[in-house]
Amino acid sequence: MREYLLTLCITAAVTYLLTGPVRKFAIVAGAMPEIRARDVHREPTPRLGGIAMFFGMCAGLLAADHLTNLNEVFEKSNEPRALLSGAALIWLIGVLDDKFEIDALIKLGGQMIAAGVMVMQGLTILWLPVPGVGTVALTQWQGTLLTVALVVITINAVNFVDGLDGLAAGMVCIAAAAFFMYTYRIWYSYGIEAAAPATLFAAVLMGMCLGFLPHNMHPARIFMGDSGSMLIGLVLAAGAISVTGQVDPDVMKLFSGSERNTVHQMVPVYIPLLMPLTIIAIPAADFVFAVVRRTWRGQSPFAADRGHLHHRLLQIGHSHSRAVLIMYFWAALIGFGALAYSVNSASMWIVLGIVFLSFIGLVLLLLPRFTPRAPRWAQHLVPPRYRRRRAATAPAASTPAPSSPAAPAPSAREAHDNCGVAAGVAGVNGATAVGPRSR
């Protein structure tokens, strides 16, 4: 665990330190596209944040290669090299797209080629645990097609959800945390070394997202772009492919006891079929809705619009930060809910807890304009928007005192500058409500 955490910290530190210079490079290189109709931000923001994330991933893998225990992952498996090859290819395509806006079909072809490169180096699905049937071995063509399909769907799902500041990086980080706990349990509890590469991929992915998030939170100073969103989607898919198609369920030796106990014990085997779907459940749902919506209108499935889930949260009244936090909440609920169910599927408390948290999530969705207020003793510990407003003190006399005849009458400009702004006026936002300022 210490070596995994060290790899995570090195990846996060390198990504965080490189993001600043990459931002300056993106500004100089002109990777600041004009604001489009579907964009939420109002100022041109540089892209190419995926450059820092890619070199952070390389630093994490390089550090893991020189550690005592994680070095065995590179000696016994070729999956880290396969991941690095596919990630380099998809990263180059993303950099070109951030700079030159390449065609969507070219990007789709590049995603399939990157998946094919990983398959050629051994990162592919070899078998599937099917409930009621057992372990089903796949042919070479079946494994290749299934691997390519999973990689393409995951990359595009993450790319579709990258529409708000910090949304994609945060959701993938939450999914990677749940996936890391799941794969580490398989590797540590059952002693299956085949789960070690997926655990390493999840740790590196968490480091990439954590190192980039401080620069990408609202208001974002840099975007990851397609070079970052497609990269983290590929790493997420690689971990799912590794633990799903490389770990043999028969090694866990769970076929013992009564039939009911066997069914409950086999849950960790069947979860790999669902875990890749649960960790991208919200992005995948957004992807499906977008394809159906665009084809229904007669548009291309890759035509951009403002109908994504995060756009709808903004339309019903949620602020930018609250929309991101709501998406974080649902991603954590689905990912860690599946993780808890895989640990103890017979516990009713887990089901009741998931139902209760889902109810809280629905309440948050239905209260877009509700702003919580902190108690008076915590006024100095929270941001200003969560503090209680003080009531304006009324003047002592209802009628103003007569001015002295010697005092000059105020000019029109002074009267305009001295007049206050009533609380609750629509459109008031800080200093923008006081009109022109005096120089």
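The values are calculated or read from the model by the stated rules, or taken from the named source; none is laboratory data. Quantities reported herein were computed from a predicted structural model and do not represent experimental measurements. All Cβ positions, glycine included, derive from the backbone under ideal geometry; neighbour counts span all protein chains shown. The area values use the complete protein model at the heavy-atom level, side chains included, leaving out ligands, DNA and RNA. Shrake-Rupley method; radii C 1.70, N 1.55, O 1.52, S 1.80 Å.
When the stretch 343-360 is limited to residues that are in a helix (DSSP H, G or I) and surrounded by 13 or more Cβ atoms within 10 Å (Cβ to Cβ), the one that is modelled with the lowest pLDDT turns out to be 343.
Listed here are the residues, each with its yes/no results for (1) in contact with a strand residue (DSSP E or B) (Cβ under 9 Å, 6 or more places away or on another chain); (2) over 23 Å from residue 222 (Cβ atoms); (3) open to solvent by 30 Å² or more (accessible area, probe 1.4 Å); (4) at pLDDT 90 or above.
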{"residue": "10", "(1), (2), (3), (4)": "no, no, yes, yes"}
{"residue": "15", "(1), (2), (3), (4)": "no, no, no, yes"}
{"residue": "31", "(1), (2), (3), (4)": "no, no, no, no"}
{"residue": "43", "(1), (2), (3), (4)": "no, no, yes, no"}
{"residue": "46", "(1), (2), (3), (4)": "no, no, no, no"}
{"residue": "51", "(1), (2), (3), (4)": "no, no, no, yes"}
{"residue": "54", "(1), (2), (3), (4)": "no, no, no, yes"}
{"residue": "87", "(1), (2), (3), (4)": "no, no, no, yes"}
{"residue": "93", "(1), (2), (3), (4)": "no, no, no, yes"}
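Quick check, is residue 321 assigned to a helix (DSSP H, G or I), in contact with a His (Cβ under 7 Å, 6 or more places away or on another chain) and modelled with pLDDT of 75 or more? For residue 321, the condition - assigned to a helix (DSSP H, G or I), in contact with a His (Cβ under 7 Å, 6 or more places away or on another chain) and modelled with pLDDT of 75 or more - is met.
Restricted to the stretch 151-161, and to residues there that are farther than 10 Å from residue 112 by Cα and among the hydrophobic types (A, V, I, L, M, F, W, C), the residue that is most open to solvent (accessible area, probe 1.4 Å) is 153.
The conditions of being open to solvent by 10 Å² or more (accessible area, probe 1.4 Å), out of contact with any strand residue (DSSP E or B) (no Cβ under 9 Å at 6 or more places or on another chain) and at pLDDT below 85 are not met by residue 221.
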